[in-house]
Amino acid sequence: MTAMQKLLQLPVNAVNMVKTVQSQVQGQEEDKSPVLTPDSGQQAWYSALQPDELRHLRSGGTGGGGGGGGDQEERAPLEEGGGGGGFQTQPLRHDDLKEMLDSNKDSLKLEAMKRIVAMIARGKNASDLFPAVVKNVACKNIEVKKLVYVYLVRYAEEQQDLALLSISTFQRGLKDPNQLIRASALRVLSSIRVTIIVPIMMLAIKEAASDMSPYVRKTAAHAIPKLYSLDPEQKDQLIEVIEKLLADKTTLVAGSVVMAFEEVCPERIDLIHKNYRKLCNLLIDVEEWGQVVIINMLTRYARTQFLNPNINESLLEEGGSGDKTFYGSDEDEDEDEEEKEKKAEAAAMAKRKPYVMDPDHRLLLRNTKPLLQSRNAAVVMAVAQLYFHLAPKAEVGVIAKALVRLLRSHSEVQYVVLQNVATMSIKRRGMFEPYLKSFYIRSTDPTQIKVLKLEVLTNLANETNISTILREFQTYIKSMDKDFVAATIQAIGRCATNISEVRDTCLNGLVQLLSNRDELVVAESVVVIKKLLQMQPEKHSDIIKHMAKLTDNIQVPMARASILWLIGEYCEHVPKIAPDVLRKMAKSFTNEEDIVKLQIINLAAKLYLTNSKQTKLLTQYVLNLAKYDQNYDIRDRARFIRQLIVPTEKSGALSKYAKKLFLALKPAPILESPFKDRDHFQLGSLSHLLNAKAGGYQELPDWPEAAPDPSVRNVEVKESVPEWTKCSSREKRKEKKVEKPFYTDSEGESGPTESADSESDSASGSESSSGSEESGSGSESEESKEASESEEEEEEEEEEQKKKKKKDLKKPVQESESEQSSEEEERKHQRKSKPRKSESESESDEDEESESESSQSESEDSESEAEVKKKKKVQTRTAEPKPPPKPLKKESKKEKKEMSLLDLDDFEPAPSPQVTPVNTFLSNSLVTDLEGLSLSDSVLSPATIAPSSTLKSYELLHRITGEGLSVEYCFSRQPFSPDANMVAVQMQFTNNASSDTKNLHIEDVKLQSGMRVKEFPEIELLPAGETATAVMGIDFCDSTQAANFQLCTHTRKFFVSIQPPVGELMRPVFLTENEFKKEQGQLMGMNEITEKLTLDVKCRNEHAIVQRVTTAANLSRVPCGSDKECRFAGRTVTSGSLVLVTVATKEEGAAQLTVNCEKMVIGTMLVKDILQALTQ
Amino acid sequence: MIHSLFLINHLGDIFLEKHWKSVISRSVCDYFFEAREKAVDPENVPPVLQTPHHYLISIYRGKLFFLSVIQTEVPPLFVIEFLHRVADTFQDYFGGCSESVISDNVVIVYELLEEMLDNGFPLATESNVLKEMIRPPNILRSVVNTLTGTTVSAEIQGVIEACVKLSGMPDLTMSFMNPRLLDDVSFHPCVRFRRWESERILSFIPPDGNFTLMTYHISSQNLVAIPVYVKQSISFFEAGSCGRLDITIGPKQTMGKTVEDLKVTVHMPKAVLNANLTASQGNYTYDFTTKLLVWDIGKLNPQKLPNLRGSLSMQTGVPNPEENPSLNIDLKIQQLAISGLKVSRLDMYGETYKPFKGVKYVTKAGKFQVRT
């Protein structure tokens, strides 16, 4: 023991010295602390220290804080047993820590906490410090707080009463404006395992589950299993929370809530139905660990809900391949369109086969496949097992490459992967055959890996590759790793049994090994040869003789036992040698191992039965020896055999059958893989690896005979939905809310069909659309600016739009990437627009077609199909083809626009005067637009207010998130003087905090291109409790895209966004009745949208209508002769396009709303908004 | 999921424990120690062990065992991958993953573990996220405004490691001259899968700092010749209990580049007591306890091929080893990716500044073994 260690046995001294050194480092202030005052004795100690020891102490005291402290902890208890000193100092030292914790210096507290945490880390008991530590739970210092939490989580369970002291702090934390604090409060609260607070936890979880921060919701999901393990009685309530969180559409929450689901209620598979498609679609963006959990759960789910894709192998060969080419299109995006169409046809053909894969099943396979490329081995394995358990045979092969990749990872990963590959390679040998060489063994592999690779190689062996494999095995036999050699010999034996062609070769090879110098090799060979010989013993009596000779040399019990068994069994083949062997064995009997003894007895019995003349005495002798053996098993055996073979008066009828019993023909052992049939466990699971059911393992169900009702996964409650409707995503819910009123009654059928349709495609669609977007232009900047979430949504929504459009076009639209084809498309469109009637008749065909379309790469098309829809209804069918918007592709866009305008000219009487790229942005932003609308829905509350006097204000920054600063904004509807093309946004800042806020300004404005922002002048000072207003201007480019920016104070930055309802994108214009009519006449056809509606009961008079319309949109009233009509007019702020609104009332609240606007998207959205305003 | 974690050094001391649920006594590790005794090498300890009440899943990294205790069903790879992630994080934070390093930073280690798992379920495992919450002990990292792709190709596999120090939200696309070479790839989660599928372009918004962007495998059709050749003869004589060894290494296909850091490692049979050799270049060492012969050559000089020859003294009375040991060769070639993979361009979108770009190709021997 060094001097240093001795020193450290005296913790008081050491601690004080650490502090002394530290105080020198940290400065004079700390010297004054009473704790630090070193007594003189220690001072002497200290001065006696060598410089390097000093350094050590210092590192303990400062930088490595806990480290040094921990060292002391570790050593002190070692001494406790021996020296009394250590025991005495223990409480003292803790007093020291307590004092530090009680001090009012954060640095001391931190230091103390660090040391305590170091104690915990080393597994030392620090529970007596609980009261001192728990006091600091409210400590302001975040570092201290964190460590106190660590301590609490560790010891609260042991000190429940005291732990309660901390609860109120967490409860306060749960209300904190900072989401991170809320989350961490919930985390600790749910981690401290104190039964008495279960109700508090329950409440906290419930609240957090509806928190606005996804991070807090995630924490809530994590807390669920904690509470469940603490009190399983809460299950029902927790399931409710799980159900709620399962509906959450953020990727952050998805993984955690599924994990909670798996731990609390994995049997409630019904909760998944409604979220199935959403989970499939979110999967790729969920964090890695969540992906694993979700994929494993969905594997189980799919096994209960879909049919076995391999149910009919022969049909599958065709159907499967058809499927493959069909969906293969995901991978080969660059294939030309025609080919795809062909494939789509093939798919349609395949469809007619008896087995049809549920589109949801396909969705799962398709959405998990890219994850085979994940860097995370667990994710790759999860997908691999999913494919193994769920995919049609023809498609399982894709996982082989990924699994082989994992073999280059850490040896532990290899170990697990090889176990799974071993199981898979039994069922699907062909899958891994191309990768045979990847399973070759390196001499540096750990033995367990080698053995597993051998297993796989053996499973892969067949007539064609066996010679290669055997050659490889030959090299292995020379290895220095004897366990591995033994395994190789076993493997050779298995190859020999499985492949009869090489049996003799193998046997010869093994016999050669019998002369190997290494006994282990010989022994293993003997065992394997024994098994092989059992197959054709008569052919190989010479081998048996050869082996009989080996008994002199081989000492390995198992091998000796094997030889003896062999000789006994085939004693007729070696009549001369057998008795001699028995003689030798009888001599050495007492020195043999138990298993050898048993075989000697066996041999004796068999010889006695066949050759009693020569062996009677020997047998007697052996049995006598065995009778007095120490092992009861051997004694029993001897007794049993004696009774059986030596006929006496007492011996019963059995002895007559002794010969039959002992010399019955024994079936040759089947050498089979230990991995056979392991696949009844879900691959990749712990249970599979151990080949035993682990606690909490959920059985992988068998495929159902008949598929359960697939419609349970439909998010909308609709009957008679065609195939593709089944595929949906989280967008569904939104639709339900937003789009339903949009597609009113008469379209009840087609509405949901389309929306579902579009979504079914969202997976492949988002891919293709992003592909074309990105390939088309070099400017992904916009895209990257988007949060991935919204990006995805947008894509999906876009997809939706496209699909709808497609429906209308009826014929699959050809590639529209090139301008020519887009032209073509328009012509088609025009053609189509005339014979509309036929369309409804062929509705049923459409479904199928839409399916085939889905595989094609999406063609871009015009903005609002919704509009087209409307047209259909109103029967005003002057189809004006709109140019296909190319998201994020301005230049080509413009060209296209012109092209289409040319077309337009000879068709449409009044082309829109403003051809600006603005339109395209509008179309792009449809998602956001719709979101905007849903926002404005809430805005247009029934309480009607005079438009210009009272303005609806929106919250920009909540008091809590803004840490005291709250900001509201409203669209003031005043012209924005610096720039008339901007919408004026009036912001009201309120400082609710206790301190002043300074330098309020805007930074880091992120906009869709074309949009502009005029910032408000910086507010230099906003005193506590005060309110200030400012006006900023935003040019939304006539779109409802949000303007995102950071609101900065002198201390903080807040990400905020302003998204205008469509009604705020216009300013009122004054028109006379004649002008109105004239303008309206020019805005017919596609530019006119008409909707029938029933007015809200409170809104049946002219005044109410005017009020509601003007609240919804910034329009001015146009004088009108008829009292049955109200007219409004406005112009969009940016482009100045006219917006005309007419509300014609009829009997009993029936009314008709007409909107004329050359901007179709604006028109569509405006119709929706006004409808909402008038009907609610 | 993960119930507890124990860190165990090569002597079998538990020097750190962390529990995410109720405390599990460290006596549970005894089952592990038992298995550890049985296994000759630490690498041979089964990663998954079953005990009456728990399952133990462990990894061996840097002479340490990371042993996790599991109570219920969980995919073993999930745990293994996570434990490696923990080790990677330590490596990243402290520049090493040894017992001393961990003990010196025990508080940070504890905080990291606290953040990385919640109730045994991974919470934050991305190093850039963790660094926002817990500051690394010292920031001595060279701050370079660069993205460097190190293409390390060993026979047929490689990785692209990136070091990105770009502000804002840069959206990068990297394209290759010859992406067809790539047979199998796996990506960092930031890479957009779809884009790769359709265009063979790596499109991503990088996290800050060092990370592995992609690992790849070159299809076997494109197997590039091995850069060096080895002529060796190792023989053991029955009489006189000695042996001879003669190894020469020469360049084969190096595309005019220099082979560096050349090193030959031979695991000698047990019977070899000592080696009396002369190296024409570099140094050799023979450790008679581990039976490891290491010949550190350094740069390969094509004019004068390095050679190592001499005699081996053998234990008398022991039969000669029947198998000759295999040679493990390490080497490095700068500025060459033996796979032929080349980065064609790297573009940045989304930010306006001009980044510094650089790419470094390195060829390293992976597990280059010469069977004799």
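The values are calculated or read from the model by the stated rules, or taken from the named source; none is laboratory data. This is a predicted model, so every value here is computed, not measured. So basically every Cβ, Gly included, is an ideal-geometry build from the backbone, and we count neighbours across all protein chains shown.
The combined condition, being surrounded by fewer than 13 Cβ atoms within 10 Å (Cβ to Cβ), modelled with pLDDT under 85, away from chain B (no Cβ under 14 Å) and in contact with a Pro (Cβ under 9 Å, 6 or more places away or on another chain), is fulfilled by A:Lys656. If only residues of region A:475-498 that are within 11 Å of chain B (Cβ to nearest Cβ) and in a helix (DSSP H, G or I) are counted, the one that is farthest from A:Pro674 (Cα to Cα) is A:Thr475. Condition check for B:Glu99 on (1) more than 25 Å from B:Val69 (Cβ to Cβ); (2) acidic (Asp, Glu); (3) at pLDDT 80 or above: one failure, at (1). Of all residues assigned to region B:96-113, at least one qualifies as being of a type in the set (Ser, Thr, Tyr), more than 27 Å from A:Lys218 (Cα to Cα), surrounded by fewer than 19 Cβ atoms within 10 Å (Cβ to Cβ) and not assigned by TED's automatic domain parsing to the domain that holds B:Cys163. Scanning region A:164-193 for residues that are among the hydrophobic types (A, V, I, L, M, F, W, C), within 12 Å of chain B (Cβ to nearest Cβ) and buried (at least 19 other Cβ atoms within 10 Å of the Cβ) yields A:Ala183, A:Leu186, A:Val188, A:Ile192.
Residues that are within 14 Å of B:Leu273 (Cβ to Cβ) and surrounded by 20 or more Cβ atoms within 10 Å (Cβ to Cβ) were ranked within region B:308-329; the one that is modelled with the highest pLDDT is B:Leu312. If the condition is being closer than 23 Å to A:Leu700 by Cα and more than 7 Å from chain A (Cβ to nearest Cβ), then region B:71-88 contributes only B:Val79. For region A:575-594, the tally of residues that are without any contact (Cβ under 8 Å) to a residue 12 or more places away in the chain and not in a helix (DSSP H, G or I) stands at 1. Does B:Ala275 satisfy the criteria of being more than 14 Å from chain A (Cβ to nearest Cβ), touching a residue at least 24 places away in the same chain (Cβ under 8 Å), over 24 Å from B:Gln334 (Cα atoms) and surrounded by fewer than 18 Cβ atoms within 10 Å (Cβ to Cβ)? No. Restricting region B:236-249 to residues that are surrounded by 15 or more Cβ atoms within 10 Å (Cβ to Cβ) and at pLDDT 80 or above leaves a set whose member that is farthest from the chain's Cα centre (by Cα) is B:Leu245.
From the list A:Glu472, A:Glu501, which residue is more than 14 Å from chain B (Cβ to nearest Cβ), free of Cβ contacts under 8 Å to residues at least 60 places away in the same chain and over 30 Å from A:Asn376 (Cα atoms)?
It is A:Glu501.
Within region A:679-701, being more than 14 Å from every other protein chain (Cβ to nearest Cβ), closer than 11 Å to A:Thr423 by Cβ and in contact (Cβ under 8 Å) with a residue 60 or more places away in the chain holds for one residue alone: A:Asp679. Condition first: within 11 Å of another protein chain (Cβ to nearest Cβ), surrounded by 21 or more Cβ atoms within 10 Å (Cβ to Cβ) and part of a loop (DSSP other than H, G, I, E, B). Can you find one or more residues in region A:438-451 that meet it? Within region A:438-451 (the criterion being within 11 Å of another protein chain (Cβ to nearest Cβ), surrounded by 21 or more Cβ atoms within 10 Å (Cβ to Cβ) and part of a loop (DSSP other than H, G, I, E, B)), the answer is yes, since at least one residue qualifies. Applying the condition of being away from every other protein chain (no Cβ under 11 Å) and aliphatic (A, V, I, L, M) to region B:183-222 and asking which residue is nearest to B:Glu351 (Cα to Cα) yields B:Leu202.
Of all residues in region A:525-574, those that are more than 22 Å from A:Tyr621 (Cα to Cα), hydrophobic (A, V, I, L, M, F, W, C) and in a helix (DSSP H, G or I) total 12.
Taken residue by residue, region B:251-262 has no member that is farther than 23 Å from B:Gln335 by Cβ and either touching a residue at least 24 places away in the same chain (Cβ under 8 Å) or in a strand (DSSP E or B) (or both). From the residues in region B:1-58 that are in contact (Cβ under 8 Å) with a residue 12 or more places away in the chain and of a type in the set (Lys, Arg), which one is farthest from the other protein chains (Cβ to nearest Cβ)? The extreme case among them is B:Arg36. Of all residues in region A:607-634, those being touching a Ser or Thr at 6+ places or on another chain (Cβ under 9 Å) and either touching a residue at least 60 places away in the same chain (Cβ under 8 Å) or not small (Gly, Ala, Ser) (or both) number 5.
Matching residues to (1) assigned to a helix (DSSP H, G or I); (2) modelled with pLDDT under 85:
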residue	(1), (2)
A:Asn1114	no, no
A:Ser1122	no, yes
A:Ala1129	no, no
A:Thr1134	no, yes
A:Val1141	no, no
A:Ala1151	no, no
A:Val1161	yes, yes
A:Leu1166	yes, no
A:Asp1169	yes, no
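Summed over region A:375-404, the residues that are closer than 18 Å to B:Pro76 by Cα, modelled with pLDDT under 90 and away from chain B (no Cβ under 11 Å) give a count of 0.
If I filter region A:178-186 for residues that are closer than 25 Å to A:Leu97 by Cβ, in contact with a helix residue (DSSP H, G or I) (Cβ under 9 Å, 6 or more places away or on another chain) and part of a helix (DSSP H, G or I), do I get at least one hit? Checked against the condition, which is being closer than 25 Å to A:Leu97 by Cβ, in contact with a helix residue (DSSP H, G or I) (Cβ under 9 Å, 6 or more places away or on another chain) and part of a helix (DSSP H, G or I), region A:178-186 yields at least one hit. Being modelled with pLDDT of 90 or more, at the interface with chain B (Cβ under 10 Å from one of its Cβ atoms) and buried (at least 19 other Cβ atoms within 10 Å of the Cβ) is a description that applies to A:Leu371.
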